[in-house]
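Heads up, the thing below is written out as structure tokens.
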């Protein structure tokens with residue numbers, strides 16, 4: 001049991017120290033989603049290709065909320 005715990009601690013420590021950890025930020029997601037929705041509505045994409053618009057916004061904004069530095073459409 002102690003061996004498994006030690007391995008878990010080592011793996012977790014290396015992940016934290018690697019600098020790759022970033023918490024999901026729902027505020028960033030909703031900001032991105034709102035700005036992209038406004039941009040899509042302004043050019044008619046929101047209405048003409050609604051499902052594609054939603055998929056694009058979900059993909060881009062999830063990455064943005066996870067810490068990616070993305071210059072998405074409509075970003076203020």
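Evaluate the following for residue 11: is it touching a helix residue (DSSP H, G or I) at 6+ places or on another chain (Cβ under 9 Å) and modelled with pLDDT under 95?
Working: touching a helix residue (DSSP H, G or I) at 6+ places or on another chain (Cβ under 9 Å): no; modelled with pLDDT under 95: yes.
Considered against the rule, which asks whether it is touching a helix residue (DSSP H, G or I) at 6+ places or on another chain (Cβ under 9 Å) and modelled with pLDDT under 95, residue 11 comes out as no.
What about residue 34, is it more than 13 Å from the chain's Cα centre (by Cα), surrounded by 13 or more Cβ atoms within 10 Å (Cβ to Cβ) and either in a helix (DSSP H, G or I) or modelled with pLDDT under 55 (or both)?
Values: more than 13 Å from the chain's Cα centre (by Cα): yes; surrounded by 13 or more Cβ atoms within 10 Å (Cβ to Cβ): yes; either in a helix (DSSP H, G or I) or modelled with pLDDT under 55 (or both): yes.
Yes, satisfied.
The values are calculated or read from the model by the stated rules, or taken from the named source; none is laboratory data. Please read these numbers as outputs of a predicted model, since none were measured by experiment. Counting neighbours? That spans all protein chains shown, and the Cβs are built from the backbone with ideal geometry, glycine included.
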